[in-house]
Every structure is written in structure tokens, then in C-alpha cells.
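Scroll down for the structure; my scribbles are underneath it.
The values are calculated or read from the model by the stated rules, or taken from the named source; none is laboratory data. Predicted model only: the values in this text are computed from it and were never measured. Virtual Cβ from ideal backbone geometry, glycine too; neighbours counted across all protein chains shown.
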Amino acid sequence: MHRVVALVRPVQSTFELGVAAEVFGTARAGLPRHYQFEVCTENPGPVPTSAGYAMAVPLGLAALESAGTVLVPGWAPVEEPLPARVRDALRQAHARGARLVSICSGVFALARTGLLDGRSATAHRARAEQLRREFPRVRVDPEALYVDHGDVATSAGAGAGVDLCLHLVRRDHGAEYAARLARHMVLPPHRDGGHHPAADDLAGLLEWAEGRLGTSLSVADLAARLNVSPRTLARRFADRLGTTPGEWLLSRRVVAARTLLAETELPVEAVAVRVGLVSAVNLRRRFRDRVGTTPGAYRRAVRR
């Protein structure tokens, strides 16, 4: 089961946290559970909230060590520095392959990790100029509902956090499951995060590619899918995602391998084939480069 951990702080917004809890943490009749939702904080104990009450949070930053998704549901006040321990924990989680996600003002916390440098991100329009001013290396796009790079994702206002979370569910478990979840929540099944035609095309390409990671999918195949040259595709990836098509493909294959290692008993050789890395030798090499350990050691650590 995919573990989603929300990192909260005083004074925590209850709405942004509630968005994450509703999508990832609420059991719903007739829907299979795919996520385990937990909450952690830098200093475990009572955490004041914007609603005037304190919530008890027993988990500390160690909870991020085995998270598949780390979610920052707001960061208020936005000028508040990111403590060194929190910054290191977020960066280490990302280095291990966890997906980092922010809702609304949480983008300020992610920006302070440096992981948004050279990449696009979105923010509430009221905070977009401040984000652009404080973090000139981040390409701020306040017109987007959300921006998803695969390993890091940001949403605009708190309401857009619902769209982003449902988008992540759709990427993880398909459009049908996400639509059923949205119906349970009495929400539209899908609002696209982008607003540029090229961005919409690219979003469709990423979803198409995610469903074909186990094939011999190549950068040339991605370019052909959009009917553009590999050079044009590389430029779009650089502009919108801050990476190359090849690097994106490899990162998604490694993320898929992490999921299979954690949630199945498939041997390493079978995992390699399932995610399109062909052989156990190639998987071990790529896994060590990206995650810092071997597939076998990762599986044992996750099981513990």
C-alpha cells in the first residue's frame, strides 16, 4: 500500500490537510484502499491549527523515511524559514524516490529545499509574485491549477489541491478509479492542471507513457506520439518539466520498480522486465544510481 505522509507545522491549515486526508486517507464503501495516510511534524505533540484547536501528532520526521508521497499541506506564514532538519528530511525523502507534493502555500517549503530550482511551479495568485521574487530560479506559473513533474508537484490555491490529489490518484491507479473516487466526493472527475496547448499535449503524453513503461518505450516513441521531432520534445520537457525525456522515462521506471518491490513478491528479474529495464543487472545499476541502494536491500528495508 502506498504510504502518504503529510508534514504539518504550527499553525496548520485544517482545509489543506483535510483535502489530503479526504483523497488519500478516507475509507469509502465499494472502493479498494490503495493508500495509507499519516501525519507527522518536526516536534511530535500538540500542533495548533488555524481552526483554533490543537491536534495530537505523535509521528516525527522519521515517518518520512518510508513514505511514497510526502505532502506539505500549506506553509503559514509563508515567510517562515524551513528548519534545517525539515529541509534535510524532505531532500532525503526525495533522493530515495518519494514524491513531494505541496498544496497552496506549501510550495514555499518545497522552494526552500532547492528542488524546484530550474523548474516550473504554481502558487495562489496572491502569492505568485512573492514566490517569484524570493525564488528567482523557480519558473512560477500562477495560471496553472497544478504542475506535476512526476517527482515534485505543486498546486495553486487550496481548492486546486483537490484537483492535484485526484490527478495523482489518476496517475497511480488509472482514470476509472479516480473518477469513482471523485463521484464519492461529489466532485468533477477531472480538471486539467495546465492551460497551454503544448502543456495539455504533454500531460496526455505522460499519462500514455506511464501505462507503457513495461514496453520498449523510447524517446523516439514519445516524440512520434506527439508528431514532433526528438529535439522539439526535449525542448518541451525542459520548459515544462525541467528534465529530459530520457531522464523522465528512467525516473518513472525506477519509481514503478520501487512500488513492485514494496508491494509484490516478484523476483528482481521480473520487476526489471515489468518496468522496461529489461534485466536485473540494469535494474540494480539504475536503482543504485537513483535510490542509493540495491533492489533487494530496498525491499528488505521497506518490509521492516
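Summed over the stretch 119-160, the residues that are at positive phi and free of Cβ contacts under 8 Å to residues at least 60 places away in the same chain give a count of 0. Contact annotation: residue pairs with Cβ atoms under 6 Å, 6 or more positions apart or on different chains, pairing a residue in the stretch 203-231 that is assigned by TED's automatic domain parsing to the domain that holds VAL275 with a partner that is exposed (fewer than 15 other Cβ atoms within 10 Å of the Cβ) and part of a helix (DSSP H, G or I), are VAL219/GLY246. For the stretch 1-17, state whether one or more residues are surrounded by 15 or more Cβ atoms within 10 Å (Cβ to Cβ), in the same structural domain as ARG127 (by TED's automatic domain parsing), part of a helix (DSSP H, G or I) and among the hydrophobic types (A, V, I, L, M, F, W, C). The answer is yes; a qualifying residue exists.
Could you please find all residues in the stretch 61-114 being within 11 Å of ARG9 (Cβ to Cβ), more than 13 Å from the chain's Cα centre (by Cα) and of a type in the set (Val, Ile, Thr)? VAL86 - this is the single residue of the stretch 61-114 that is within 11 Å of ARG9 (Cβ to Cβ), more than 13 Å from the chain's Cα centre (by Cα) and of a type in the set (Val, Ile, Thr).
Of the residues that make up the stretch 46-57, is at least one assigned to a loop (DSSP other than H, G, I, E, B), modelled with pLDDT under 95, of a type in the set (Ser, Thr, Tyr) and under 25 Å from VAL186 (Cα atoms)? No, the stretch 46-57 contains no residue that is assigned to a loop (DSSP other than H, G, I, E, B), modelled with pLDDT under 95, of a type in the set (Ser, Thr, Tyr) and under 25 Å from VAL186 (Cα atoms).
Please determine, by comparing only the residues of the stretch 230-262 that are hydroxyl-bearing (Ser, Thr, Tyr) and farther than 21 Å from THR294 by Cβ, which one is surrounded by the most Cβ atoms within 10 Å (Cβ to Cβ).
The extreme case among them is THR243.
Table: residues versus (1) under 26 Å from GLY157 (Cα atoms); (2) touching a residue at least 24 places away in the same chain (Cβ under 8 Å).
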{"position": "VAL4", "(1), (2)": "yes, yes"}
{"position": "VAL8", "(1), (2)": "yes, yes"}
{"position": "GLY18", "(1), (2)": "yes, no"}
{"position": "ARG28", "(1), (2)": "yes, yes"}
{"position": "LEU31", "(1), (2)": "no, yes"}
{"position": "CYS40", "(1), (2)": "yes, yes"}
{"position": "THR49", "(1), (2)": "yes, yes"}
{"position": "TYR53", "(1), (2)": "yes, no"}
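Condition test on THR243, is it under 19 Å from ALA203 (Cβ atoms), touching a residue at least 40 places away in the same chain (Cβ under 8 Å) and among the polar types (S, T, N, Q)? When the stated conditions are applied, THR243 passes them.
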